[in-house]
Amino acid sequence: MTKTVNHWIGGKTVEGASGTYGPVTNPATGEVTTKVAFASADEVDAAVAAAKEAYLTWGQSSLAQRTSILFTFRALLDANRDAIAELITAEHGKVHSDALGEVARGLEIVDLACGISVQLKGELSTQVASRVDVSSIRQPLGVVAGITPFNFPAMVPMWMFPLAIACGNTFVLKPSEKDPSASLKIAELLSEAGLPDGVFNVVHGDKVAVDRLLEHPDVKAVSFVGSTPIARYIHSTASANGKRVQALGGAKNHMLVLPDADLDAAADAAVSAAYGSAGERCMAISAVVAVGSIGDELVEKIRERAEKIKIGPGDDPASEMGPLITQVHRDKVASYVEGAAAEGAEVVLDGTGYTVDGFEDGHWIGISLLDKVPTSAKAYQDEIFGPVLCVLRTETYEEALDIVNASPFGNGTAIFTRDGGAARRFQLEVEAGMVGVNVPIPVPVGYHSFGGWKDSLFGDHHIYGNDGTHFYTRGKVVTTRWPDPADAPTGVDLGFPRNH
(Lines give C-alpha, C1' and ligand atoms only; values in the text may rest on other atoms or scores of the structure.)
Protein backbone atom coordinates (compact mmCIF):
# COMPACT_ATOMS: atom_id res chain seq x y z
CA MET A 1 0.00 0.00 0.00
CA THR A 2 1.43 3.37 -1.04
CA LYS A 3 1.80 5.81 1.83
CA THR A 4 1.19 9.55 1.50
CA VAL A 5 3.51 12.28 2.72
CA ASN A 6 1.65 15.49 3.55
CA HIS A 7 2.65 18.96 4.71
CA TRP A 8 3.52 20.09 8.25
CA ILE A 9 1.95 23.45 9.02
CA GLY A 10 1.32 25.10 12.38
CA GLY A 11 2.62 22.15 14.39
CA LYS A 12 0.59 19.37 12.76
CA THR A 13 0.24 17.27 9.64
CA VAL A 14 -1.96 18.95 7.02
CA GLU A 15 -3.30 16.90 4.13
CA GLY A 16 -2.57 18.18 0.66
CA ALA A 17 -5.48 20.06 -0.88
CA SER A 18 -4.19 20.76 -4.38
CA GLY A 19 -4.99 17.30 -5.73
CA THR A 20 -1.50 17.07 -7.20
CA TYR A 21 0.94 14.42 -6.02
CA GLY A 22 4.40 13.26 -6.98
CA PRO A 23 5.81 9.71 -6.86
CA VAL A 24 8.55 8.69 -4.43
CA THR A 25 10.52 5.64 -5.54
CA ASN A 26 12.64 3.09 -3.76
CA PRO A 27 15.77 3.43 -5.93
CA ALA A 28 16.89 -0.15 -5.20
CA THR A 29 13.70 -1.70 -6.57
CA GLY A 30 12.26 0.95 -8.88
CA GLU A 31 8.96 0.60 -7.01
CA VAL A 32 6.83 3.63 -6.21
CA THR A 33 6.38 3.34 -2.45
CA THR A 34 5.04 6.78 -1.53
CA LYS A 35 3.17 9.70 -2.99
CA VAL A 36 3.93 13.21 -1.81
CA ALA A 37 1.43 16.06 -1.82
CA PHE A 38 2.41 19.06 -3.94
CA ALA A 39 1.46 22.38 -2.39
CA SER A 40 -0.54 25.03 -4.20
CA ALA A 41 0.29 28.71 -3.75
CA ASP A 42 -2.53 28.91 -1.20
CA GLU A 43 -1.00 26.09 0.85
CA VAL A 44 2.38 27.82 0.81
CA ASP A 45 0.59 30.98 1.97
CA ALA A 46 -0.91 29.02 4.88
CA ALA A 47 2.54 27.83 5.96
CA VAL A 48 3.99 31.33 5.74
CA ALA A 49 1.01 32.70 7.68
CA ALA A 50 1.58 30.13 10.43
CA ALA A 51 5.25 31.08 10.56
CA LYS A 52 4.43 34.79 10.64
CA GLU A 53 1.99 34.31 13.51
CA ALA A 54 4.51 32.23 15.46
CA TYR A 55 7.21 34.87 14.93
CA LEU A 56 5.25 37.37 17.01
CA THR A 57 6.20 35.44 20.14
CA TRP A 58 9.18 33.35 19.01
CA GLY A 59 11.06 36.44 17.80
CA GLN A 60 10.71 37.91 21.31
CA SER A 61 11.57 34.71 23.17
CA SER A 62 14.70 34.45 25.24
CA LEU A 63 17.88 32.84 24.01
CA ALA A 64 17.63 30.47 26.97
CA GLN A 65 14.20 29.26 25.82
CA ARG A 66 15.34 28.75 22.23
CA THR A 67 18.52 26.90 23.09
CA SER A 68 16.79 24.77 25.71
CA ILE A 69 14.41 23.47 23.04
CA LEU A 70 17.30 22.88 20.66
CA PHE A 71 19.19 20.89 23.31
CA THR A 72 16.11 18.67 23.73
CA PHE A 73 15.80 18.34 19.94
CA ARG A 74 19.44 17.35 19.71
CA ALA A 75 18.91 14.51 22.17
CA LEU A 76 15.86 13.30 20.25
CA LEU A 77 17.73 13.54 16.96
CA ASP A 78 20.60 11.52 18.39
CA ALA A 79 18.20 8.87 19.68
CA ASN A 80 16.46 8.64 16.30
CA ARG A 81 19.57 8.48 14.08
CA ASP A 82 18.78 5.00 12.79
CA ALA A 83 15.12 5.78 12.07
CA ILE A 84 16.03 8.86 10.04
CA ALA A 85 18.82 6.98 8.24
CA GLU A 86 16.36 4.24 7.29
CA LEU A 87 14.01 6.80 5.74
CA ILE A 88 16.92 8.29 3.78
CA THR A 89 18.03 4.88 2.51
CA ALA A 90 14.49 3.90 1.50
CA GLU A 91 13.91 7.04 -0.58
CA HIS A 92 17.38 8.20 -1.63
CA GLY A 93 19.09 4.82 -1.92
CA LYS A 94 22.36 5.61 -0.13
CA VAL A 95 23.77 2.92 2.11
CA HIS A 96 22.89 3.03 5.79
CA SER A 97 26.37 4.07 6.93
CA ASP A 98 26.28 7.02 4.51
CA ALA A 99 22.85 8.00 5.81
CA LEU A 100 24.06 7.83 9.40
CA GLY A 101 27.01 10.03 8.47
CA GLU A 102 24.62 12.56 6.98
CA VAL A 103 22.66 12.76 10.23
CA ALA A 104 25.90 13.14 12.19
CA ARG A 105 27.01 16.11 10.07
CA GLY A 106 23.60 17.71 10.54
CA LEU A 107 23.97 17.25 14.28
CA GLU A 108 27.10 19.41 14.15
CA ILE A 109 24.99 22.42 13.16
CA VAL A 110 22.44 21.67 15.88
CA ASP A 111 25.37 21.70 18.31
CA LEU A 112 26.42 25.08 16.94
CA ALA A 113 22.88 26.42 17.33
CA CYS A 114 22.71 25.21 20.93
CA GLY A 115 25.67 27.45 21.71
CA ILE A 116 24.63 30.38 19.55
CA SER A 117 24.53 32.86 22.42
CA VAL A 118 28.21 33.63 21.84
CA GLN A 119 27.61 34.48 18.16
CA LEU A 120 24.68 36.75 19.03
CA LYS A 121 26.57 38.91 21.51
CA GLY A 122 26.54 42.58 20.61
CA GLU A 123 29.17 45.28 21.09
CA LEU A 124 29.25 48.37 23.26
CA SER A 125 31.39 51.50 23.13
CA THR A 126 31.04 53.81 26.10
CA GLN A 127 31.71 57.53 26.26
CA VAL A 128 32.06 58.09 22.52
CA ALA A 129 30.97 61.58 23.52
CA SER A 130 29.98 63.06 26.84
CA ARG A 131 27.51 60.57 28.38
CA VAL A 132 26.97 58.93 24.92
CA ASP A 133 27.24 55.17 24.36
CA VAL A 134 26.98 53.27 21.06
CA SER A 135 25.90 49.64 20.96
CA SER A 136 25.39 47.21 18.10
CA ILE A 137 22.98 44.30 18.30
CA ARG A 138 21.72 41.55 16.00
CA GLN A 139 18.03 40.80 15.56
CA PRO A 140 16.10 38.11 13.66
CA LEU A 141 14.62 38.74 10.22
CA GLY A 142 11.20 37.13 10.59
CA VAL A 143 9.95 34.31 8.35
CA VAL A 144 12.75 32.61 6.39
CA ALA A 145 12.63 29.74 3.91
CA GLY A 146 14.87 26.84 2.93
CA ILE A 147 14.76 24.98 -0.39
CA THR A 148 16.84 21.81 -0.22
CA PRO A 149 18.07 19.06 -2.61
CA PHE A 150 17.52 15.32 -2.78
CA ASN A 151 21.07 14.21 -2.06
CA PHE A 152 21.09 15.10 1.66
CA PRO A 153 17.44 15.22 2.77
CA ALA A 154 18.33 15.52 6.48
CA MET A 155 21.74 17.21 6.57
CA VAL A 156 21.14 20.17 4.26
CA PRO A 157 17.92 21.29 6.02
CA MET A 158 19.91 21.06 9.25
CA TRP A 159 22.49 23.39 7.73
CA MET A 160 19.70 25.98 7.75
CA PHE A 161 16.86 25.75 10.25
CA PRO A 162 18.72 25.19 13.55
CA LEU A 163 20.61 28.47 13.19
CA ALA A 164 17.58 30.26 11.77
CA ILE A 165 15.29 29.38 14.66
CA ALA A 166 18.05 29.81 17.26
CA CYS A 167 18.42 33.38 16.00
CA GLY A 168 14.68 33.93 16.59
CA ASN A 169 13.31 33.43 13.07
CA THR A 170 10.54 31.08 12.02
CA PHE A 171 11.12 28.66 9.15
CA VAL A 172 9.36 27.21 6.10
CA LEU A 173 11.14 24.25 4.51
CA LYS A 174 10.52 23.08 0.94
CA PRO A 175 12.49 19.81 0.74
CA SER A 176 13.10 17.73 -2.36
CA GLU A 177 9.97 15.97 -3.53
CA LYS A 178 12.10 12.91 -4.38
CA ASP A 179 12.81 11.94 -0.74
CA PRO A 180 10.51 13.95 1.56
CA SER A 181 9.97 11.67 4.56
CA ALA A 182 13.06 12.65 6.56
CA SER A 183 11.86 16.26 6.76
CA LEU A 184 8.54 15.16 8.30
CA LYS A 185 10.35 13.05 10.88
CA ILE A 186 12.49 16.06 11.80
CA ALA A 187 9.34 18.20 12.14
CA GLU A 188 7.83 15.65 14.51
CA LEU A 189 10.99 15.60 16.64
CA LEU A 190 11.06 19.40 16.84
CA SER A 191 7.46 19.38 18.01
CA GLU A 192 8.25 16.68 20.57
CA ALA A 193 11.14 18.84 21.79
CA GLY A 194 8.69 21.62 22.61
CA LEU A 195 9.12 23.93 19.62
CA PRO A 196 6.03 26.16 19.47
CA ASP A 197 3.56 25.50 16.67
CA GLY A 198 4.36 27.39 13.48
CA VAL A 199 8.04 27.99 14.18
CA PHE A 200 8.99 25.15 11.77
CA ASN A 201 6.83 24.24 8.78
CA VAL A 202 7.24 21.90 5.81
CA VAL A 203 5.56 22.25 2.43
CA HIS A 204 6.25 19.80 -0.38
CA GLY A 205 5.95 20.51 -4.04
CA ASP A 206 7.48 21.62 -7.29
CA LYS A 207 8.10 24.95 -9.02
CA VAL A 208 4.69 26.27 -7.91
CA ALA A 209 5.70 26.04 -4.25
CA VAL A 210 9.21 27.34 -4.90
CA ASP A 211 8.05 30.37 -6.85
CA ARG A 212 5.49 31.31 -4.23
CA LEU A 213 8.17 31.28 -1.53
CA LEU A 214 10.43 33.42 -3.72
CA GLU A 215 7.77 36.06 -4.26
CA HIS A 216 5.88 35.97 -0.94
CA PRO A 217 6.16 39.40 0.73
CA ASP A 218 6.36 37.91 4.24
CA VAL A 219 9.39 35.71 3.47
CA LYS A 220 12.46 37.76 4.36
CA ALA A 221 15.27 35.40 3.32
CA VAL A 222 15.78 32.27 1.23
CA SER A 223 18.46 29.59 1.59
CA PHE A 224 19.03 27.14 -1.26
CA VAL A 225 21.31 24.25 -2.17
CA GLY A 226 21.11 22.63 -5.61
CA SER A 227 22.30 22.91 -9.19
CA THR A 228 23.88 26.07 -10.59
CA PRO A 229 21.08 26.95 -13.05
CA ILE A 230 18.46 26.74 -10.29
CA ALA A 231 20.71 28.56 -7.80
CA ARG A 232 21.08 31.41 -10.29
CA TYR A 233 17.28 31.50 -10.77
CA ILE A 234 16.62 31.41 -7.01
CA HIS A 235 19.07 34.24 -6.41
CA SER A 236 17.82 36.51 -9.18
CA THR A 237 14.12 35.94 -8.47
CA ALA A 238 14.27 36.21 -4.69
CA SER A 239 16.60 39.22 -4.85
CA ALA A 240 14.25 40.95 -7.26
CA ASN A 241 11.56 40.48 -4.62
CA GLY A 242 13.70 42.18 -1.98
CA LYS A 243 14.86 39.09 -0.13
CA ARG A 244 18.21 38.16 1.35
CA VAL A 245 19.52 35.08 -0.51
CA GLN A 246 22.20 32.44 -0.10
CA ALA A 247 22.04 30.05 -3.07
CA LEU A 248 24.65 27.30 -3.28
CA GLY A 249 25.06 25.81 -6.75
CA GLY A 250 26.87 22.99 -8.49
CA ALA A 251 30.49 21.92 -8.61
CA LYS A 252 33.27 20.24 -10.53
CA ASN A 253 35.77 19.55 -7.78
CA HIS A 254 39.38 18.87 -8.75
CA MET A 255 42.02 16.93 -6.85
CA LEU A 256 45.61 17.67 -7.82
CA VAL A 257 48.10 14.86 -7.22
CA LEU A 258 51.71 16.01 -7.32
CA PRO A 259 54.61 13.65 -8.16
CA ASP A 260 55.78 13.51 -4.53
CA ALA A 261 52.39 12.46 -3.15
CA ASP A 262 51.70 9.19 -1.35
CA LEU A 263 49.94 7.53 -4.28
CA ASP A 264 48.24 4.88 -2.16
CA ALA A 265 46.73 7.55 0.07
CA ALA A 266 45.78 9.62 -2.99
CA ALA A 267 44.11 6.63 -4.66
CA ASP A 268 42.18 5.79 -1.48
CA ALA A 269 41.04 9.39 -1.24
CA ALA A 270 40.06 9.62 -4.91
CA VAL A 271 37.92 6.49 -4.70
CA SER A 272 36.14 7.51 -1.49
CA ALA A 273 35.59 11.09 -2.67
CA ALA A 274 34.44 10.18 -6.18
CA TYR A 275 32.23 7.18 -5.48
CA GLY A 276 30.98 7.70 -1.93
CA SER A 277 27.22 8.32 -1.81
CA ALA A 278 27.26 7.19 -5.47
CA GLY A 279 28.87 10.51 -6.39
CA GLU A 280 25.62 12.36 -5.61
CA ARG A 281 27.15 15.15 -3.56
CA CYS A 282 28.36 18.62 -4.45
CA MET A 283 31.67 18.01 -2.68
CA ALA A 284 32.49 14.84 -4.62
CA ILE A 285 35.85 14.76 -6.36
CA SER A 286 34.95 14.31 -10.01
CA ALA A 287 38.27 15.29 -11.63
CA VAL A 288 41.72 14.09 -10.62
CA VAL A 289 44.60 16.02 -12.17
CA ALA A 290 47.72 13.85 -12.25
CA VAL A 291 50.88 15.96 -12.47
CA GLY A 292 54.05 14.63 -14.07
CA SER A 293 54.89 10.97 -14.62
CA ILE A 294 52.64 9.45 -11.95
CA GLY A 295 49.48 9.24 -14.09
CA ASP A 296 49.66 5.59 -15.16
CA GLU A 297 50.47 4.32 -11.69
CA LEU A 298 47.79 6.47 -10.04
CA VAL A 299 45.08 5.40 -12.48
CA GLU A 300 45.95 1.75 -11.96
CA LYS A 301 45.75 2.14 -8.18
CA ILE A 302 42.35 3.85 -8.49
CA ARG A 303 41.11 1.12 -10.84
CA GLU A 304 42.19 -1.67 -8.48
CA ARG A 305 40.30 -0.09 -5.59
CA ALA A 306 37.22 0.92 -7.57
CA GLU A 307 36.67 -2.59 -8.91
CA LYS A 308 36.33 -3.91 -5.35
CA ILE A 309 33.46 -1.62 -4.33
CA LYS A 310 30.37 -3.61 -3.40
CA ILE A 311 27.26 -2.12 -5.01
CA GLY A 312 23.83 -3.13 -3.78
CA PRO A 313 20.69 -2.09 -1.89
CA GLY A 314 21.32 0.54 0.75
CA ASP A 315 19.76 -1.57 3.50
CA ASP A 316 22.19 -4.45 2.83
CA PRO A 317 25.04 -4.12 5.37
CA ALA A 318 27.44 -5.52 2.76
CA SER A 319 26.73 -2.71 0.30
CA GLU A 320 29.25 0.11 0.02
CA MET A 321 27.41 2.05 -2.70
CA GLY A 322 23.72 2.16 -3.55
CA PRO A 323 21.67 3.06 -6.63
CA LEU A 324 21.02 6.50 -8.06
CA ILE A 325 17.93 8.47 -7.05
CA THR A 326 15.84 8.01 -10.24
CA GLN A 327 16.01 6.12 -13.51
CA VAL A 328 16.09 9.39 -15.43
CA HIS A 329 19.12 10.54 -13.48
CA ARG A 330 20.78 7.15 -13.88
CA ASP A 331 20.40 7.34 -17.67
CA LYS A 332 21.80 10.87 -17.78
CA VAL A 333 24.88 9.83 -15.80
CA ALA A 334 25.37 6.83 -18.11
CA SER A 335 25.26 9.07 -21.17
CA TYR A 336 28.48 10.82 -20.12
CA VAL A 337 30.34 7.51 -19.99
CA GLU A 338 28.83 6.24 -23.23
CA GLY A 339 29.97 9.35 -25.09
CA ALA A 340 33.39 9.70 -23.46
CA ALA A 341 35.49 7.72 -25.96
CA ALA A 342 34.16 9.71 -28.91
CA GLU A 343 35.31 12.88 -27.16
CA GLY A 344 38.86 11.62 -26.72
CA ALA A 345 38.81 9.98 -23.28
CA GLU A 346 40.06 6.51 -22.46
CA VAL A 347 37.37 4.44 -20.71
CA VAL A 348 39.18 2.44 -18.02
CA LEU A 349 36.02 1.28 -16.22
CA ASP A 350 32.51 1.38 -17.69
CA GLY A 351 29.76 0.91 -15.14
CA THR A 352 26.81 1.57 -17.43
CA GLY A 353 25.85 -2.11 -17.79
CA TYR A 354 25.83 -2.87 -14.08
CA THR A 355 22.82 -4.48 -12.42
CA VAL A 356 22.08 -6.30 -9.16
CA ASP A 357 20.62 -9.79 -9.14
CA GLY A 358 17.12 -9.77 -7.74
CA PHE A 359 16.87 -5.99 -8.05
CA GLU A 360 16.95 -5.63 -11.82
CA ASP A 361 14.46 -2.74 -11.83
CA GLY A 362 16.60 -0.60 -9.51
CA HIS A 363 18.39 2.51 -10.69
CA TRP A 364 21.79 0.85 -10.89
CA ILE A 365 25.01 2.08 -12.36
CA GLY A 366 28.49 0.81 -11.67
CA ILE A 367 31.78 2.54 -11.14
CA SER A 368 33.14 4.43 -14.16
CA LEU A 369 36.72 5.69 -14.54
CA LEU A 370 37.77 7.86 -17.49
CA ASP A 371 41.44 8.60 -18.16
CA LYS A 372 43.22 11.23 -20.29
CA VAL A 373 40.00 13.25 -20.44
CA PRO A 374 40.28 16.44 -22.52
CA THR A 375 38.88 19.62 -21.00
CA SER A 376 36.58 19.90 -24.02
CA ALA A 377 34.70 16.70 -23.11
CA LYS A 378 31.21 16.97 -21.64
CA ALA A 379 32.18 14.45 -18.97
CA TYR A 380 34.70 17.02 -17.74
CA GLN A 381 32.73 20.21 -18.25
CA ASP A 382 29.41 19.19 -16.67
CA GLU A 383 28.53 18.33 -13.10
CA ILE A 384 27.63 14.65 -13.57
CA PHE A 385 26.45 13.95 -10.00
CA GLY A 386 27.15 10.24 -10.25
CA PRO A 387 29.96 7.67 -9.80
CA VAL A 388 32.11 8.87 -12.71
CA LEU A 389 35.70 9.98 -12.12
CA CYS A 390 37.67 11.83 -14.80
CA VAL A 391 41.48 11.81 -14.78
CA LEU A 392 43.35 14.60 -16.55
CA ARG A 393 47.10 14.66 -17.19
CA THR A 394 49.47 17.65 -16.96
CA GLU A 395 53.22 18.05 -16.92
CA THR A 396 53.44 20.81 -14.33
CA TYR A 397 51.72 22.22 -11.25
CA GLU A 398 51.12 25.48 -13.13
CA GLU A 399 49.21 23.69 -15.91
CA ALA A 400 47.12 21.85 -13.34
CA LEU A 401 46.31 25.04 -11.47
CA ASP A 402 45.28 26.73 -14.72
CA ILE A 403 42.81 23.90 -15.40
CA VAL A 404 41.21 24.25 -11.98
CA ASN A 405 41.00 28.03 -12.15
CA ALA A 406 39.54 27.98 -15.66
CA SER A 407 36.53 26.01 -14.44
CA PRO A 408 33.33 28.06 -14.00
CA PHE A 409 32.80 26.22 -10.71
CA GLY A 410 34.70 26.96 -7.53
CA ASN A 411 33.16 24.84 -4.80
CA GLY A 412 35.85 22.57 -3.37
CA THR A 413 39.28 21.34 -4.35
CA ALA A 414 42.15 19.32 -2.93
CA ILE A 415 45.86 18.77 -3.35
CA PHE A 416 47.85 15.69 -2.41
CA THR A 417 51.52 16.33 -1.78
CA ARG A 418 54.24 16.01 0.85
CA ASP A 419 55.59 19.46 -0.03
CA GLY A 420 54.38 22.07 2.45
CA GLY A 421 55.43 24.92 0.20
CA ALA A 422 53.46 23.57 -2.73
CA ALA A 423 50.42 23.03 -0.52
CA ARG A 424 50.60 26.56 0.85
CA ARG A 425 50.99 28.01 -2.64
CA PHE A 426 47.98 26.01 -3.85
CA GLN A 427 45.67 27.08 -1.04
CA LEU A 428 46.46 30.73 -1.80
CA GLU A 429 46.36 30.52 -5.61
CA VAL A 430 43.41 28.23 -6.27
CA GLU A 431 40.03 29.85 -7.02
CA ALA A 432 37.71 27.79 -4.84
CA GLY A 433 35.89 28.38 -1.59
CA MET A 434 36.97 25.19 0.22
CA VAL A 435 40.44 23.66 -0.03
CA GLY A 436 41.73 20.34 1.22
CA VAL A 437 45.42 19.57 1.76
CA ASN A 438 45.70 15.77 1.72
CA VAL A 439 41.98 15.84 2.57
CA PRO A 440 39.75 14.86 -0.37
CA ILE A 441 36.39 16.25 0.80
CA PRO A 442 37.11 19.51 2.64
CA VAL A 443 33.62 20.06 4.08
CA PRO A 444 34.15 22.48 6.98
CA VAL A 445 33.13 21.58 10.51
CA GLY A 446 30.01 23.31 11.77
CA TYR A 447 31.70 26.36 13.28
CA HIS A 448 33.37 27.25 9.97
CA SER A 449 31.15 28.23 7.05
CA PHE A 450 30.51 26.16 3.90
CA GLY A 451 30.44 27.77 0.46
CA GLY A 452 32.14 28.03 -2.90
CA TRP A 453 33.23 30.69 -5.35
CA LYS A 454 32.21 31.60 -8.90
CA ASP A 455 29.20 29.64 -10.21
CA SER A 456 29.05 27.55 -7.05
CA LEU A 457 27.59 30.34 -4.90
CA PHE A 458 25.14 33.18 -5.54
CA GLY A 459 24.79 35.66 -2.71
CA ASP A 460 27.12 37.20 -0.17
CA HIS A 461 26.88 34.66 2.63
CA HIS A 462 28.18 31.12 2.94
CA ILE A 463 26.05 28.63 4.85
CA TYR A 464 26.24 27.77 8.59
CA GLY A 465 29.14 28.89 10.82
CA ASN A 466 29.46 32.62 11.49
CA ASP A 467 28.13 33.43 8.01
CA GLY A 468 24.96 31.51 8.83
CA THR A 469 24.37 33.52 11.99
CA HIS A 470 24.91 36.78 10.11
CA PHE A 471 22.63 35.66 7.29
CA TYR A 472 19.72 34.95 9.64
CA THR A 473 20.10 38.21 11.59
CA ARG A 474 20.46 41.89 10.77
CA GLY A 475 22.53 44.43 12.59
CA LYS A 476 21.26 47.47 14.41
CA VAL A 477 23.31 50.25 15.97
CA VAL A 478 21.90 52.23 18.91
CA THR A 479 23.36 55.58 20.01
CA THR A 480 22.23 56.68 23.46
CA ARG A 481 22.82 59.92 25.33
CA TRP A 482 22.27 59.40 29.03
CA PRO A 483 20.83 62.47 30.77
CA ASP A 484 22.43 63.85 33.86
CA PRO A 485 19.75 64.91 36.36
CA ALA A 486 21.95 67.84 37.39
CA ASP A 487 21.79 69.37 33.92
CA ALA A 488 19.14 71.94 33.08
CA PRO A 489 17.53 71.88 29.62
CA THR A 490 19.91 73.34 27.04
CA GLY A 491 17.50 74.11 24.22
CA VAL A 492 17.32 72.78 20.67
CA ASP A 493 20.45 71.99 18.62
CA LEU A 494 19.79 71.16 14.96
CA GLY A 495 23.36 70.09 14.19
CA PHE A 496 25.06 66.71 14.49
CA PRO A 497 25.75 65.58 18.05
CA ARG A 498 29.08 67.01 19.20
CA ASN A 499 31.56 64.19 19.72
CA HIS A 500 34.52 66.35 20.70
For this session: Using a 1.4 angstrom probe, figure out how much accessible area segment 360-445 has per residue, in square angstrom, rounded to the nearest whole.
Result: 39
For this session: List the equivalent ellipsoid semi-axes of segment 114-161 in whole Å, largest first, each obtained as the square root of 5λ for an eigenvalue λ of the Cα gyration tensor.
Result: 38, 11, 7
Exercise. Can you put S125, S136 in order of accessible area, largest first, using a 1.4 Å probe?
Worked result: S125, S136
Exercise. Size of the chain along its principal axes in angstrom, Cα-based, largest extent first?
Worked result: 88, 61, 39
Seminar exercise, completed: On the formula 1/(1 + (r/R0)^6), with r taken between the Cβ atoms of V492 and V445 and R0 of 51 Å, the FRET efficiency rounded to 0.05 is 0.40
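Applying 1/(1 + (r/R0)^6) with R0 = 56 Å to the Cβ-Cβ distance of A129 and E431, what FRET efficiency is obtained, to the nearest 0.05?
After rounding, the FRET efficiency stands at 0.80.
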Problem set entry | Surface accessible to a 1.4 Å probe, per residue, for the residues of segment 217-294, Å² | 27
Exercise. If you stretched the chain out fully between K121 and R474, how much longer would it get, using 0.36 nm times the residue separation minus the C-alpha to C-alpha distance?
Worked result: 125.8 nm
Problem set entry | Dipole of segment 82-212, positive end: most advanced residue of L87, P149, T170 [Cβ charges, Cα centre] | T170
Exercise. So how exposed is K3, as accessible area in Å² (1.4 Å probe, rounded to 10)?
Worked result: 90
Problem set entry | Accessible surface of segment 329-473 [probe 1.4 Å, protein heavy atoms]: carbon and sulfur percent | 48
Seminar exercise, completed: Rounded to whole Å², per residue accessible area for segment 39-132 with a 1.4 Å probe reads 45
Seminar exercise, completed: For segment 1-134, shape from the Cα gyration tensor axes a ≥ b ≥ c, cut at a/c of 1.5 then a/b versus b/c, turns out oblate
Exercise. Against the longest alpha carbon principal axis of the chain, how many degrees, from 0 to 90 and to the nearest 10, is the axis of helix 295-306 turned?
Worked result: 80
Problem set entry | Prolate/oblate/rounded call for segment 294-360, Cα gyration tensor, a/c under 1.5 rounded | oblate
Exercise. Relative contact order for segment 1-151 using alpha-carbon pairs under 8 Å, separation at least 6, rounded to a whole percent?
Worked result: 19
Problem set entry | Karplus (6.51, -1.76, 1.60) ³J(HN,Hα), θ = phi - 60°, over segment 255-266, in Hz, Gly and Pro reported as x | 10, 7, 10, 7, x, 8, 5, 6, 5, 5, 5, 5
For this session: Using only alpha carbon pairs under 8 Å that are at least six residues apart, calculate the relative contact order of segment 357-472 and give it in whole percent.
Result: 19
Exercise. Carbon-plus-sulfur fraction of the accessible area of segment 94-143, 1.4 Å probe, in percent?
Worked result: 51
Exercise. So how exposed is S293, as accessible area in Å² (1.4 Å probe, rounded to 10)?
Worked result: 110
Exercise. What percentage of the solvent-accessible surface of segment 5-74, computed with a 1.4 Å probe over protein heavy atoms, is contributed by carbon and sulfur atoms?
Worked result: 54
Exercise. So for K52, K185, K121, what's the accessible-area order with a 1.4 Å probe, most first?
Worked result: K121, K52, K185
Problem set entry | Virtual paramagnetic centre 7 Å along Cα→Cβ of V208, amide N under 20 Å, in segment 27-45 | 34-45
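W453 to S236: extension gain in nm, 0.36 nm per residue of separation minus the Cα-Cα distance?
So the extension gain works out to 76.4 nm.
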Problem set entry | Rel. contact order, % - alpha carbon contacts under 8 angstrom, at least six apart, segment 91-243 | 23
Seminar exercise, completed: Gyration tensor on Cα atoms of segment 363-457, a ≥ b ≥ c root eigenvalues, a/c under 1.5 rounded, else prolate if a/b beats b/c, else oblate, says oblate
Exercise. With every protein chain left in place, what is the accessible area of E177 in Å² (1.4 Å probe, nearest 10)?
Worked result: 50
For this session: Grab the Cα-Cα distance for V32 and E304, subtract it from 0.36 nm times how many residues apart they are, and report the gain in nm with one decimal.
Result: 94.3 nm
For this session: Could you tell me how many degrees, from 0 to 90 and to the nearest 10, lie between the Cα long axis of helix 81-92 and the main elongation axis, the longest principal axis, of the Cα atoms of the chain?
Result: 60
For this session: With the Cα gyration tensor of segment 66-176 in hand, convert its eigenvalues to equivalent ellipsoid semi-axes via √(5λ) and list them largest first in whole Å.
Result: 37, 14, 10
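The values are calculated or read from the model by the stated rules, or taken from the named source; none is laboratory data. All figures in this text were calculated on a predicted structure; none of them were measured in a lab. Every residue, glycine as well, gets a Cβ built from its backbone with ideal geometry; the counts of neighbours run over all protein chains shown. Please note that ligands, DNA and RNA were not included when accessible areas were found on the heavy atoms of the full protein model with its side chains. Shrake-Rupley method; radii C 1.70, N 1.55, O 1.52, S 1.80 Å.
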